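Encoded as structure tokens, the structure appears first; notes follow it.
Coordinate-derived values only; no laboratory data. The structure displayed is predicted, hence computed values, not measured ones. Cβ sites come from the backbone with ideal geometry, for glycine too, and all protein chains shown count toward neighbours.
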Amino acid sequence: MGHMVGKDLYRELGGKIDNLSVRVPWTESFYEVLKELYSDDDADLIIKMPYGFSTIERIAFIGGFLKLPPVKKSLMGDKPRSRFLKAMRKGGHI
């Protein structure tokens with residue numbers, strides 16, 4: 001049973017790779033390569049990563065967030081998150 005769950009995970013990873021600029025059809029050999037290269041946790045992480053490139057605005061926003069003091073970073077919790085993010089996107093301060 002666990003083997004099938006893992007195989008489904010790697011099939012999903014293979015599908016993600018197949019949708020990139022270089023196509024890779026699903027085969028048993030491709031599964032074996034993925035299994036050798038990626039742990040289950042690594043495969044799961046890659047599947048969750050977004051496709052494509054980030055915009056300059058997104059990169060600048062993340063860079064700005066990383067420079068914030070810990071207190072302001074803590075405002076990224078559940079409730080204040082949307083208000084905080086809106087203010088940061090507008091270049092405002094809290």
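For region 22-27, 3J(HN,Hα) computed residue by residue from phi via the Karplus equation (6.51, -1.76, 1.60; θ = phi - 60°) reads 9, 7, 9, x, 6, 9 Hz, glycine and proline entered as x. Taking the Cα centre of region 20-79 as origin and assigning +1 to Lys and Arg Cβ atoms and -1 to Asp and Glu Cβ atoms, the resulting dipole is close to 640 debye.
Overall, region 2-48 carries a charge dipole of about 200 debye about its Cα centre when +1 sits on the Cβ of Lys and Arg and -1 on the Cβ of Asp and Glu, all other atoms neutral.
Cross-link candidates for Lys35: which aspartates and glutamates have Cα within less than 14 Å, leaving aside residues fewer than 8 places away along the same chain? Reachable aspartates and glutamates: Asp8, Glu12, Asp44.
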